[in-house]
1. State whether the range 149-220 is rounded, prolate or oblate according to the following rule on the C-alpha gyration tensor (a ≥ b ≥ c being the square roots of its eigenvalues): a/c under 1.5 gives rounded; otherwise a/b larger than b/c gives prolate, and the remaining case gives oblate.
2. Please name which of 33, 17, 3 has its Cα lying farthest along the dipole of the range 1-70 towards the positive end, using unit charges on Cβ (Lys, Arg +1; Asp, Glu -1) and the Cα centre as origin.
3. Let me check I have the definition right: for the range 1-57, take the eigenvalues of the Cα gyration tensor, multiply each by 5, take square roots. What are those semi-axes in whole Å, largest first?
4. Run the reach check for residue 155 against lysines, Cα to Cα strictly under 28 Å, same-chain hits fewer than 8 apart removed. What comes back?
5. By the gyration tensor of its Cα atoms, with a ≥ b ≥ c the square roots of the eigenvalues, what is the shape of the chain: rounded for a/c under 1.5, prolate for a/b over b/c, or oblate?
6. For the chain, set up a Gaussian network in which alpha carbons nearer than 10 Å are linked by springs, and say which option among 44, 33, 199 fluctuates the most.
7. How would 158, 63 line up from fewest to most surrounding beta-carbon atoms within 10 angstrom?
8. Using Cβ counts within 10 Å as a stand-in for footprinting exposure, how do 91, 210, 145, 171 rank, fewest first?
Amino acid sequence: MLSSCFFSQSAIDVAKGLLGKIIHRYYNKQWLCARIIETEAYCCDEKASHSSLGRTPKREAMFMSPGTIYMYYARGKDSLNISCGNTGDAVLIKSAYPELNDPKATDEMLSMMQKLNPTHDNEIRPIEKLCKGQTLLCQALALKVNNWDQRQFDKAVFYINDDHTQSRDIVQTKRLGIPLHRDAHLMYRYIDLDYIKYCTENPLTKRNSVSDCDYIILSE
């Protein structure tokens with residue numbers, strides 16, 4: 001389980017460091033496991049961050065100790081964030097990929113995640129799209145705002161672990177859905193290159209996307 005020391009870093013360092021880590025969620029008597037493949041950093045001193053709008057009861061988690069869970073509704077659906085070292089900073093878990101090889105994973109894990117997160121037509125959602133986006137991720141892992149906002153991770157039911165599988169190459173790019181007047185130019189989104197085809201939006205294949213301008217590949 002990642003310690004509070006890990007989250008005591010800057011939002012940017014946490015966002016990069018979370019890539020490759022595994023979310024463990026105990027639900028309905030079994031573990032659901034997903035590897036983090038995409039994150040976004042939000043710093044208090046830039047306009048896209050919720051905390052830049054001021055401290056309120058709803059945003060309180062962003063001002064609490066590093067490693068505090070901050071959940072809110074994005075377009076009416078649940079979204080998972082974690083507070084970081086600098087007061088008001090947080091990281092959004094943008095996408096993940098079901099980790100079937102985790103020691104805690106069961107043969108029934110994938111079917112449970114698909115049951116939790118069907119398509120709009122109530123069909124089975126394919127594995128590569130189960131956690132493709134912040135709200136789909138929360139739905140597939142049964143994570144709800146009213147259950148987890150302002151709480152700490154709990155190794156018995158919900159935590160993030162390091163299996164020491166390090167992301168060799170990271171793609172750094174602009175965040176998604178940020179209005180131009182709210183620091184949309186900042187390249188605070190990070191993607192594990194090995195899983196980039198499963199992220200929310202692939203900057204490498206986006207039309208008119210230019211290397212070293214719209215994205216950068218960081219090699220470890």
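Any read-out appearing in this document is the output of simple, stated calculations on the displayed coordinates, not a laboratory observation. Given the structure is predicted, the values throughout are model-derived calculations rather than measurements. Neighbour counts run over all protein chains shown; Cβ positions are idealised from the backbone, glycine included.
1. oblate
2. Comparing the listed Cα positions along the dipole, 33 ranks first.
3. Numbers: eigenvalues 137, 45, 25 Å².
For the range 1-57, the ellipsoid semi-axes come out as 26, 15, 11 Å.
4. Straight-line reach from residue 155, under 28 Å: 16, 21, 29, 58, 77, 94, 104, 115, 129, 132, 144.
5. The shape class here is rounded.
6. Highest fluctuation of the listed residues: 44.
7. Ascending Cβ contact count within 10 Å gives the list 63, 158.
8. 210, 145, 171, 91
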